[in-house]
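These notes are about the structure you will find just below.
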Amino acid sequence: MVFKIKKGLEIPIKGEPGLDVVNEVSSKSVGVLGNDFHGMKPTMLVKEEDNIVKGQPLFEDKKNPGVIFTAPVSGVISSINRGDRRAFSSLIIEKKENDQDQIEFSTSQNLSDLDNETIVNILINSGTWTAFRTRPFSKIPKIQDRPNEIFISLIDSNPLSIDPELIIKPEEDYFNEGLKVLLRLTNNSLNVSTKPSSTIEKLDLDNLFYYEFDGPHPVGLVGTQIHNISPASLSNQIWTIGYQDVLMIGKLFKTGLLDNTKKIALSGPMVKEPSMVISENGANLDEILNGKIIGDNNRIISGSVLNGSESKAPTNFLGRYHNQITVLREVNKSDREFLNFLRPELKKHSFLRVFLTKLKEKGLNLNYTTAMNGSDRAIVPLGIYEDIFPYKIMITQLLRSIVVGDTESAQKLGILELDEEDLALCTYSCPSKYDYGSLLREMLTKIEEEG
């Protein structure tokens, strides 16, 4: 089945990664970040200066008993950092040179030899269970829960991203093995979304379905695909997982070893040579970017320019669910322009027809910065969101409910289907300068707590 998504927006930003050069960077330190996991509170199983091996348990989620986070590399715990109110910020591991020690997990060359309970235990003990996220709420699932359906997107429509198929194709056997593992977890179906021109092998297995999606961003977001196939709700729990995590699970069940390799896009206007980088989960971004960026006054973003996380010590590491790094120039007061919206120039972009760039959006490569181009103001219903948001819901009314904190109306309007990334285009296009992603997270937390 083919889904044609007509609503959306392509961001004409400079710095698309070239694929003729692939850099391999093994950082000296690796971090596990608390903000990657919504609502997680760790019970530490290690302490600073402990020697650890790859695959060793680091901590367990106090709020989700049994969910274990394991070491992505071997080395020494250099620091465990906490922020306001002792909230867990990051755990940093200094790698040991040439240390190949790691825990081997008991698997079988033949997946059919393993019962479902054994498969779940391997995923939990290896730490790969943390690759799953639920809809609603985008949290790591409880170990006793099973989803109605699992969704995987093989489309990355984020600005400056890399085509997932370029990463999957060389290791397609591992990817297919990962799919077979996931089929053992779902109550109903495993759904894989591809682009119409996909050359990925499509397995003929019971309860495995392939769908084709075409259109502008956010066509590649798994939330867009879930909305069109099987909308998430409290009575229809969906799990999602990234394509590189499917590869990791396939390798785990084939070899018994954890492979935390991560292939990411190094992109953005302030990167000297945008390219693909081969590194690892939790890699130190400062080390990856050493000598590769223009100037000193930049903002480093783990993830997409639309909804990634700013990288600052002690959280200057690649996010668990991120597949790219973006670098923008950090603006200061001297960069402010007086009445800039009255200048119909060719160096800025807006969804509204306020700049001449609207006449020639295709092929534009603009030097985006961190400038907000305005201050906070009241929501004005201009019909913007209806043109870029592809869900069949009343998006302006939903955003208003989120801003004013009306949980009852928000639930009726479909908030439980959403994750922060799903509202990133609304934030980008908003003339009121609201960060809808953070407001969404606050409301989802409130809804979950209220039951």
Residues whose placed amide H lies under 5 Å from that of L366, excluding near-sequence neighbours: I13, K14
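If you rank H38, H322 by fewest surrounding Cβ atoms within 10 Å, what's the result?
Fewest-to-most Cβ neighbours within 10 Å comes out as H38, H322.
When only C-alpha pairs under 8 Å and at least 6 residues apart count, what is the relative contact order of the stretch 150-202, in percent? Working shown, then result.
Values: 39 pairs, mean separation 29.4, N = 53.
Result for the stretch 150-202 is 55 percent.
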Under-5 Å amide H pairs with Q324, H placed in peptide plane, nonlocal only: A265, G303
Point-to-point label distance, R85-D115, nm (Cα→Cβ direction, 7 Å offset): 4.3 nm
Under Karplus coefficients 6.51, -1.76 and 1.60, residue-wise ³J(HN,Hα) of the stretch 67-73 in Hz, glycine/proline x: 7, 10, 10, 10, 6, x, 8
Relative compactness, the chain, computed as alpha-carbon Rg over 2.2 N^0.38 Å: 0.97
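What is the local net charge at N116, summed over the other residues whose Cβ is closer than 14 Å to its Cβ (Lys, Arg +1; Asp, Glu -1)?
Numbers: positive: R146, K180, R184; negative: D113, D115, E117, D145.
Net local charge, N116 excluded: -1.
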Relative contact order computed over the stretch 2-255 (Cα-Cα under 8 Å; 6+ residues apart), in percent: 23 percent
Cα shape, the stretch 153-272, gyration tensor, a/c 1.5 rule: oblate
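Would you mind ranking I11, I294 by Cβ crowding within 10 Å, fewest neighbours first?
Working: I11 21, I294 12.
Final ranking by Cβ density, sparse to dense: I294, I11.
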Two-decimal log10 I(q)/I(0) for the stretch 39-125, as the Debye equation yields it once each C-alpha is a single scatterer, q = 0.11, 0.21 Å⁻¹: -0.38, -1.03
Karplus 3J(HN,Hα) series, Hz, for the stretch 280-297 with 6.51 cos²θ - 1.76 cosθ + 1.60 (x for Gly, Pro): 8, 4, x, 4, 6, 5, 4, 6, 4, 8, 4, x, 10, 10, 8, x, 10, 9
Under 5 Å, built H, 5+ apart or other chain: amide partners of S79: I92
Separation in nanometres of the label points that stand 7 Å from Cα toward Cβ, at Q144 and E49: 4.1 nm
Orientation-averaged projected area, Cα convex hull of the stretch 2-255 (nm²): 15.5 nm²
Volume of the Cα convex hull of the stretch 374-451, divided per residue and given in Å³: 83 Å³
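How high is the relative contact order of the chain, in percent, with contacts defined as C-alpha pairs under 8 Å that are six or more residues apart? Don't skip to the end; give the middle numbers.
On the way: 945 pairs, mean separation 87.9, N = 451.
Result for the chain is 19 percent.
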Using a Förster distance of 25 Å, the FRET efficiency for Y211-L382 (Cβ separation, nearest 0.05): 0.15
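Readers should treat all values here as calculations from the given coordinates under stated rules, not as data from a laboratory. Every value quoted in this text rests on a predicted model; they were computed, and no experiment measured them. All Cβ positions, even for glycine, are placed from backbone atoms using ideal geometry, and neighbour counts span all protein chains on display.
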